[in-house]
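Visitor: So that we are looking at the same thing, I have put the structure below in structure tokens.
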Amino acid sequence: MLNVRHVTRLFGQKAAVDNVSFDVDRSMMIGIIGRSGAGKSTFLRMLNRLTDATSGEILFEGRDVLSLRGKDKRAWQSDCAMVFQQFNLVPRMDVVSNVLHGTLNRHSALRTALNLFPRDDIERAMDILDRLGVGEQAPKRAEALSGGQQQRVAIARALMQDPRVILADEPIASLDPMNAQIVMDTLRRIHDEDGRMVIANLHTLDTARRYCDRVIGMRDGRIVFDGTPEQLTTGVARDIYGADEGFSEAATSTAIDTISDAPIPA
Ligand SMILES: Nc1ncnc2c1ncn2[C@@H]1O[C@H](COP(=O)(O)OP(=O)(O)OP(=O)(O)O)[C@@H](O)[C@H]1O
Ligand SMILES: [Mg+2]
């Protein structure tokens, strides 16, 4: 379904992503973990074509994603919607208009600027907001919502594109634990109910273990672990996060402390 082959991204001499390869044969929820600077965001951005790869190949159902241009590239970007840590909503715009902007690729810029959206789209946006438990927030300005609510609105905007894949770059890094759980539950539910693939960059091991079917660990641009949550032992975690220069012992243990007592969902 998804084949990533020898993907590399250089910034100057430095490889932010270094010869990354993996295959995904069915829709699943994948967590990418690794410390700051490991290359997680750069990888997601290449997958979505926000950043160009220096070399390598990414195939989605046999189609070479990295060579798409123009209309085909935009269609792919709409097939793999991005969700960001900072939500990236338009703060002063109402919630439902923010969600309708998920159809941007399908409408002219003028219609969008004038907020002239087809009735069907408005109804669909409302249905999606209801589904994610934020329907009542629809008329409010995005900035008036809590972080967790804003992230659900951002996910609703992504769903408006009816994507095959949802790419989430640290979707809960700005949220308190309760909202973090609501947002992760939402992503998991979207995967389970709709069959959409979810690939999420996550800061903590605990979250990756709780929610993902497969975990990929990156370090210095390379994949150093690729397996199930059960295979992610404390030793492996130490390998991913490292304990060397630039990353304190304390931070390493915080990242991996949670591993032993985190229940793994059946
Ligand atoms: N536009 C850029 N120009 C130069 N270097 C970059 C650029 N974007 C990323 N890098 C470098 O590439 C490496 C990987 O960065 P990336 O943002 O992908 O890491 P990350 O794993 O997402 O980290 P974090 O957990 O902090 O978000 C880092 O060394 C970073 O400084
Ligand atoms: Mg990042």
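The values are calculated or read from the model by the stated rules, or taken from the named source; none is laboratory data. Since the model is a prediction, treat every value here as computed from it, not as a measurement. Note that we place each Cβ from the backbone using ideal geometry, even for glycine, and neighbour counts take in every protein chain shown. Note: areas computed on protein heavy atoms with side chains; ligands, DNA, RNA excluded. Shrake-Rupley method; radii C 1.70, N 1.55, O 1.52, S 1.80 Å.
Visitor: Accessible area, 1.4 Å probe, largest first: how do R196, R49 sort? Can you show the working numbers first?
Guide: Working: R196 35, R49 15 Å².
Sorted descending by solvent-accessible area, the residues read R196, R49.
Visitor: Could you state the angle between the C-alpha long axis of helix 119-131 and the longest principal axis of the C-alpha atoms of the chain, as a value from 0 to 90 degrees rounded to the nearest 10?
Guide: 40 degrees
Visitor: Right, here's the next one. Solvent-accessible area per residue for the chain at a 1.4 Å probe radius, Å²?
Guide: Details: 12260 Å² over 266 residues.
Computed with neighbouring chains in place, this is 46 Å² per residue.
Visitor: Still on this model: Can you sort E57, E170, E230 by solvent-accessible area, 1.4 Å probe, largest first?
Guide: Output order, biggest surface exposure first: E230, E57, E170.
Visitor: Moving on. Taking the mean number of other Cβ atoms within 10 Å as a proxy for protection, how do you rank 23-31, 116-124 from highest to lowest? Please list the in-between numbers first.
Guide: Values: 23-31: 16.8, 116-124: 13.4.
Ranking, from highest mean packing down: 23-31, 116-124.
Visitor: Under the rule a/c < 1.5 gives rounded, and otherwise a/b versus b/c splits prolate from oblate, where does the stretch 25-176 land using the Cα gyration tensor?
Guide: Details: a/c = 2.02, a/b = 1.36, b/c = 1.49.
Oblate, since a/c reaches 1.5 and b/c is not below a/b.
Visitor: Residue by residue, what Karplus-based ³J(HN,Hα) values in Hz, rounded to whole numbers, does the stretch 80-92 have, using 6.51, -1.76 and 1.60 with θ = phi - 60° and x for Gly and Pro?
Guide: Calculated HN-Hα couplings, in order: 10, 6, 9, 10, 10, 4, 9, 6, 6, 8, 8, x, 8 Hz.
Visitor: What base-10 log of the normalised intensity I(q)/I(0) is obtained for the stretch 2-257 from the Debye formula, alpha carbons as equal point scatterers, at q = 0.14, 0.15, 0.17 Å⁻¹?
Guide: -0.97, -1.09, -1.33
Visitor: Hey, another quick one. Residues of the stretch 155-196 with backbone nitrogen within less than 18 Å of a virtual label 7 Å along the Cα-to-Cβ line of R63, please, listed as ranges.
Guide: Residues passing the 18 Å test: 159-167, 196.
Visitor: To continue, here is another question. Suppose accessible area is computed on protein heavy atoms with a 1.4 Å probe; arrange D130, D213 from highest to lowest.
Guide: Details: D130 90, D213 50 Å².
Sorted by accessible area, descending: D130, D213.
Visitor: Below 25 Å, Cα to Cα, which lysines can K40 reach? Residues fewer than 8 away in the same chain don't count.
Guide: K14, K73
Visitor: Along the stretch 14-22, what does the Karplus equation 6.51 cos²θ - 1.76 cosθ + 1.60 (θ = phi - 60°) give for ³J(HN,Hα), rounded to whole Hz, x for Gly and Pro?
Guide: Values, residue by residue: 8, 8, 6, 10, 10, 6, 8, 9, 6 Hz.
Visitor: With both bridge residues required to lie in the chain, what share of the DSSP beta bridges run antiparallel, to the nearest 5%?
Guide: Numbers: 20 of 38 bridges.
Here the share of antiparallel DSSP bridges comes out near 55 percent.
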